[in-house]
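The values are calculated or read from the model by the stated rules, or taken from the named source; none is laboratory data. Keep in mind that what you see is a predicted model, and the values were worked out from it rather than measured. For neighbour counting, all protein chains shown are included, and Cβ atoms are generated from backbone atoms with ideal geometry for every residue, glycine included.
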Amino acid sequence: MLVTRYNGEKKTTDWILKNINEAMNFFGKGEIAISPKGSLYIGKITLQRKGETSDPTKLQFKIKPCQLFSLGE
């Protein structure tokens with residue numbers, strides 16, 4: 001998984017490259033919980049029903065890719 005981030009103050013771009021298994025283990029590690037609005041949290045992954053559709057069978061998986069930079073530290 002390749003992630004880049006741009007620093008506007010320094011005008012630089014950083015990047016990190018991680019094996020997909022290592023990245024998914026990083027995002028998936030942690031507690032499982034349900035939010036008050038019905039989203040499911042699996043570690044650092046948020047799972048929710050896809051909005052703007054009437055089809056309740058479609059799901060969205062959300063991550064914050066820049067969190068991978070903390071894995072490199």
- Only residues that are in a helix (DSSP H, G or I), surrounded by 13 or more Cβ atoms within 10 Å (Cβ to Cβ) and either of a type in the set (Ser, Thr, Tyr) or modelled with pLDDT under 90 (or both): list them for region 44-73, please. Leu71
- Query: Looking at region 4-43, which of its residues are assigned to a strand (DSSP E or B), surrounded by 14 or more Cβ atoms within 10 Å (Cβ to Cβ) and not aromatic (Phe, Trp, Tyr)?
  - Reply: Ile16, Leu40, Ile42
- Task: Determine which member of the set Ser35, Ser39 is touching a strand residue (DSSP E or B) at 6+ places or on another chain (Cβ under 6 Å) and farther than 30 Å from Asn7 by Cα.
- Result: Ser39
